[in-house]
Amino acid sequence: MHTVWRMVTDRFAETAFSGDGARRYGGRWNRKGVPVVYTAGSQSLAMLEMLVQDDPLRARYVVIPAVLPDHLKMETISVEHLPADWRNAQPNRTLLEMGMRWLEERRSAVLIVPSAVIPAEQNYLLNPMHPGFSSITIGGPLKIDTDSRLIPAK
């Protein structure tokens, strides 16, 4: 079993694993209109992923664990299989195509991808439309007290 982590604003804790946020706004690996749940391999990576998106980091956050059972089918995309510009902030067509193909074909419940923030670490994309998604055990939200040094002074 492997535990992954999702960090969200506390008001979104109940729907954190619905894929609704990514469906509404799109992401690095999915287009708008398609649900996917972005999680990280550690709490610290989940925080870093939030830091690059939410500036300044002032909201109340929770981190929610999800346990991936050993039998759950997963795929991995390594850095070597990505284009040179994959870490750019602008949407990357190749990444969108790879992610959308994985989502639409429902080949696995989990897609393990390198983090654009720290490429040596992994994010875990969960496909809520895959039949195996229901075998993921989602824990309760844990309050995160953001270290004040992460919040820029006014």
Next item on the list: Please specify each residue of the range 43-62 satisfying the condition of being within 12 Å of the chain's Cα centre (by Cα) and either among the small types (Gly, Ala, Ser) or modelled with pLDDT of 95 or more (or both).
Entry: 43, 45, 46
Margin query: Within the range 88-112, take every residue that is assigned to a loop (DSSP other than H, G, I, E, B) and surrounded by 16 or more Cβ atoms within 10 Å (Cβ to Cβ) and give me the one that is modelled with the lowest pLDDT.
Written below: 92
Note to self: For the range 50-93, which positions are small (Gly, Ala, Ser) and under 26 Å from residue 17 (Cβ atoms)?
What the structure shows: 59, 66, 78, 89
Next item on the list: Would you mind telling me which numbered condition in (1) touching a Pro at 6+ places or on another chain (Cβ under 6 Å); (2) farther than 20 Å from residue 32 by Cα residue 85 fails?
Entry: (1)
Item checked: Top-ranked residue in the range 32-42 [being surrounded by 16 or more Cβ atoms within 10 Å (Cβ to Cβ) and either of a type outside the set (Gly, Ala, Ser) or at positive phi (or both); ranked as farthest from the chain's Cα centre (by Cα)] -> 34
Note to self: I'd like the full set of residues that are out of contact with any helix residue (DSSP H, G or I) (no Cβ under 9 Å at 6 or more places or on another chain), part of a helix (DSSP H, G or I), more than 12 Å from residue 123 (Cα to Cα) and in contact (Cβ under 8 Å) with a residue 12 or more places away in the chain, limited to the range 17-74.
What the structure shows: 22, 23, 50, 52
Note to self: Test of understanding: among 104, 121, which residue is acidic (Asp, Glu) and touching a strand residue (DSSP E or B) at 6+ places or on another chain (Cβ under 8 Å)?
What the structure shows: 121
Margin query: Just to be sure I understand the filter: pairs with C-beta atoms under 8 Å, separated by 6 or more residues or on different chains, first member in the range 137-154 and surrounded by 12 or more Cβ atoms within 10 Å (Cβ to Cβ), second member small (Gly, Ala, Ser) and modelled with pLDDT under 95. Which pairs pass?
Written below: 141/13
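The values are calculated or read from the model by the stated rules, or taken from the named source; none is laboratory data. Note that the coordinates shown come from a computational prediction; the quantities given were computed from them, not determined experimentally. All Cβ positions, glycine included, derive from the backbone under ideal geometry; neighbour counts span all protein chains shown.
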